[in-house]
Amino acid sequence: MGHSINSGYSAWLKRDLLLAYRRRGEAASPLIFFVMVSTLIPLGLTPESSQLAEIAAGMIWVMALLATLLSVDGLFANDYQDGSLEQLLITPQLLPMPVLGKITAHWLTTGLPLTLASPLLGVMLSLPTSGYLPMLCSLALGTACLSLTGAVGAALTVSLRKGGLLLSLLVIPLYMPVIIFGTATISYAIDGLNWLPPLAILGALFAASVALCPLAAAGALRITSAN
Amino acid sequence: MPPKKIHRARELPLSQSPLLKVENLAFERDDSAVLENINLSLNRGEVLQIEGANGSGKTTLLRLLTTALQPSAGSILYKGEASSKCRYQYLSDMLYIGHQPAVKLTLTAEENLRWMINSAVKTNSLTIADALDGVGLSGYSDIPCYALSAGQHRRVALARLLISEAALWYLDEPFTAIDKQGVSFLEARLQERLNRGGAVVLTSHQDLTLNNLRKYSLSAPAGQAA
Amino acid sequence: MSWQWFHRLGSPRWFYQTSTRWLPLLALIAAAILISGLVWGLAIAPADAKQGNSFRIIYIHVPASFLALAGYYIMAIAGAVGLIWKMKLSYMVMKSAAPIGAALTFIALVTGAIWGKPTWGTYWVWDARITSMLILLFLYLGVMALQYAYHSIDAASKAGAILALVGTVNIPIIYKSVDWWYTLHQPATIKFTSAPSMHIDMFLPLLVMIVGFYLFYAVALILHTRSEILRRERKTAWVRELIEPEAR
């Protein structure tokens with residue numbers, strides 16, 4: 001049976017999707033967190049529609065970022081604990097490809113559901129109508145960036161106990177450009193400006209992340225799982 | 001239940017250069033030497049049993065052989081070529097079963113094995129069902145692994161041995177958690193692999209009854225308590 | 001070109017012994033330049049037309065900001081050298097550079113806040129440079145925290161090096177993003193006095209202070225690296241000789 005480089009990607013992608021499906025409850029928690037915490041905003045601030053509308057874009061983005069942050073440390077942790085990570089390290093295929101497969105699975109089970117659930121939150125937080133499409137586009141691209149960058153942090157902390165909190169510390173500064181351009185996309189649209197430029201920059205961040213993060217995460221995995 | 005008869009694959013010719021050669025391998029961690037001056041060679045049909053007290057670096061040596069770890073010095077040669085130069089050939093010709101059987105608890109035995117086989121390059125045409133039969137798990141293929149015992153997890157991992165055509169088998173404490181019947185099954189599989197031109201490196205305290213068995217003893221490096 | 005000096009440079013013992021010889025002189029020069037710069041800037045340079053005497057804090061704030069950013073790059077380069085050439089000394093320099101850089105970033109933030117109060121009436125402003133400096137502090141803290149989390153020194157150094165390099169790639173992106181974000185939300189009416197447009201009488205002491213801070217950074221880095229060397233090499237004969245010369 002011959003194997004090309006691609007099979008590393010789809011094999012691990014399918015496996016991680018199957019694993020997430022088997023633990024549906026756990027896999028759904030970022031999404032549930034996202035929706036539930038967003039109800040804290042009106043409770044904590046104001047139910048006033050006009051005031052919520054001003055902060056809706058930013059709050060939805062912050063919530064999506066936090067939900068992704070919560071879930072990203074499980075990317076390699078499970079495999080580390082049961083010895084699958086060792087098998088990952090010695091696949092004949094180049095390591096960044098299976099890693100990218102795992103990251104894709106993570107986005108499909110976290111970022112994509114968040115993106116699809118965001119209109120619901122837009123309604124709850126009185127997001128102006130012109131903001132919905134930009135929100136969907138920016139969240140789709142942006143959460144992919146978050147999964148990719150988060151994977152590097154997860155790889156760096158995989159062998160640490162209580163690595164989750166440290167992971168957040170490491171990764172939040174790297175998330176800042178994504179949230180800046182993500183919310184800008186929505187604000188531009190709401191203000192009636194052309195929202196494609198900030199979205200394009202988000203796309204550029206995504207392109208750079210896809211190219212670099214699997215390499216960085218693979219390198220980090222080799223180093224940190226050596227203990 | 002006695003193992004089912006496995007179809008034999010074509011016998012691989014014995015080759016001249018050693019399948020695996022390790023020269024002056026050393027590994028240090030945090031400025032202390034874990035392994036030093038490791039020299040060994042392995043031909044087809046040979047089995048190397050690595051012995052040593054706990055903490056003497058048996059698992060580390062195996063992980064160095066699988067390239068999961070990078071040595072501080074020395075080289076590993078596969079069929080005469082440095083492993084870093086022929087990475088794909090070396091890794092696709094290798095099967096590694098570590099301390100932990102790498103079994104995902106939420107997947108069934110059949111799914112776990114299918115996934116392990118999909119990642120392997122050199123496999124024979126034995127079906128997964130037959131492989132699970134071979135390790136005595138025929139009724140358990142649909143059961144999620146969290147419902148199976150540790151011994152059964154190890155059997156799922158060992159089922160890989162039935163399907164693998166990789167020449168080099170690296171096994172870390174493969175006899176852990178399996179019963180006497182399992183021990184004789186495993187020895188039979190190892191002997192079969194050796195007869196067909198493969199080679200095995202394993203760590204174990206067990207007394208094995210295999211042909212061409214050589215032992216390699218690891219002592220703790222000088223200046224360190226064993 | 002002989003690489004011998006480069007590999008000798010990687011020897012902790014050589015570094016320790018050479019720095020023992022040169023450090024006192026370097027420290028003296030650094031102190032002299034810093035003191036003269038401080039006196040010149042704080043006392044002698046003319047007061048600013050608009051801000052009066054409160055602008056004088058730039059003589060600490062600006063050099064600290066420069067060094068904070070330069071220090072991160074020094075840390076990242078040390079990490080890269082360690083990863084590529086597997087040089088232990090380089091990892092020690094990287095580990096030492098982190099707290100020094102973090103402290104300088106903190107000083108820059110605090111002096112910026114002190115400057116902000118009389119100038120704009122508020123201690124904190126979310127402007128591009130201050131926000132970027134805050135994010136830089138977080139990046140430093142991340143590198144430090146990651147290294148301390150690992151028990152194995154090898155893993156700690158390598159992980160820290162990777163993180164430092166990831167941060168280096170991100171710093172320009174983060175700075176540009178924050179800059180863009182700030183101009184998006186507030187037209188830039190408040191700008192730090194950029195150096196070239198300063199009057200020469202105010203600019204020269206600033207230059208002196210910047211040079212002095214660089215020298216101070218070098219002294220601090222060398223001192224910190226020396227103690228790191230002693231700690232990590234404590235089992236070797238030459239360190240034991242240093243610590244207990246008359247033992248046995």
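Consider a paramagnetic label point 7 Å from the Cα of residue C:14 along Cα→Cβ; state which residues of the range C:72-86 have an amide N under 18 Å from it. Once the point is set 7 Å along Cα→Cβ of residue C:14, C:78, C:81-86 turn out to lie under 18 Å by backbone N, inside the range C:72-86. When the Cα gyration tensor is reduced to axis lengths a ≥ b ≥ c, the ratio a/c is 1.5 or higher for the range A:56-114, and with a/b above b/c it is classed as prolate. Summarising the amide proton neighbourhood of residue B:197: residues at separation of 5 or more, or on other chains, whose placed amide H is nearer than 5 Å comprise B:45.
Backbone geometry of the range C:110-118 corresponds, through the Karplus equation with coefficients 6.51, -1.76 and 1.60 at θ = phi - 60°, to 3J(HN,Hα) couplings of 5, 5, x, 5, 5, 5, x, 4, x Hz, x marking Gly and Pro. In this label model, residue B:129 and residue B:105 are separated by 3.0 nm, measuring between points 7 Å along each Cα→Cβ vector.
When shorter helices are ignored and each DSSP H run of at least 4 residues is given -39500 (n - 2.57), the per-residue value for chain C at 222 nm works out to -27000 deg cm²/dmol. Per residue of peptide B:115-122, the mean number of Cβ atoms on other chains within 10 Å of the residue Cβ is 6.
Checking the a/c ratio against 1.5 first, then a/b against b/c, what shape does the Cα gyration tensor give for the protein assembly as shown? Oblate.
Using the Cβ-Cβ distance between residue C:26 and residue C:241 with R0 set to 25 Å, the FRET efficiency from 1/(1 + (r/R0)^6) comes to roughly 0.55. How tilted is helix A:24-38 with respect to the longest principal axis of chain A? Cα atoms for both, answer in degrees (0 to 90, nearest 10). That works out to roughly 30 degrees. Evaluating 6.51 cos²θ - 1.76 cosθ + 1.60 at θ = phi - 60° for every residue in the range A:98-114, the Karplus couplings come out as x, 4, 5, x, 5, 5, 4, 4, 4, 5, 5, 9, 10, x, 5, x, 4 Hz, glycine and proline recorded as x. For residue B:216, the residues whose amide H sits under 5 Å from its own are B:49, B:50, B:51, ignoring neighbours fewer than 5 places away on the same chain, with H placed 1.01 Å from N. Among C:77, B:97, C:60, C:35, a tally of other beta-carbon atoms within 10 Å of each Cβ gives an order, fewest to most, of C:35, C:77, C:60, B:97. Working note: Cα atoms of chain B, range along each principal axis, descending, whole Å: 51, 39, 31.
With a threshold of 32 Å on the Cα-Cα distance, the over-threshold entries among C:50/C:95; B:21/C:95; A:102/C:158; B:21/C:235; B:104/C:88; C:117/C:158 are C:50/C:95; B:21/C:95; B:21/C:235; B:104/C:88; C:117/C:158.
Taking the longest Cα principal axis of chain C as reference, the axis of helix C:58-85 is set at about 30 degrees. Relative to the longest principal axis of the Cα atoms of chain B, helix B:180-195 runs at roughly 70 degrees. A compact globular protein would have a Cα radius of gyration near 2.2 N^0.38 Å; the ratio found for the range C:61-240 is 1.16.
When only alpha carbons are used to place a centre, the range A:14-35 and the range A:211-227 end up 24 Å from one another.
For residue B:39 and residue B:217 in the same chain, what is the full-extension length gain: residue separation times 0.36 nm, less their Cα-Cα distance, in nm? Kindly include the intermediate steps, with their values, before the conclusion.
Numbers: separation 178, 0.36 × 178 = 64.08 nm, distance 1.13 nm.
So the extension gain works out to 62.9 nm.
The mean count of C-beta atoms from other chains within 10 Å of the C-beta of residues in A:48-55, rounded to a whole number, is 0.
Measuring between their Cα centroids, the range B:25-45 and the range C:57-78 lie 44 Å from each other. Averaging the Cα positions of each part gives two centres, and for the range A:147-197 and the range C:105-179 these lie 16 Å apart. Shape summary: chain A maps onto an equivalent ellipsoid whose semi-axes, from the alpha-carbon gyration tensor, are 33, 18, 15 Å in decreasing order.
With helices as the sole contributors, chain B gives -8000 deg cm²/dmol at 222 nm; each DSSP H run of n ≥ 4 counts as -39500 (n - 2.57), and the sum is divided by every residue. For the range C:9-147, the ratio of Cα radius of gyration to the globular rule of thumb 2.2 N^0.38 Å stands at 1.26.
Read the figures in this text as sums done on the coordinates, not as results from a lab. Computed from a predicted structure; not experimentally measured. Cβ sites come from the backbone with ideal geometry, for glycine too, and all protein chains shown count toward neighbours.
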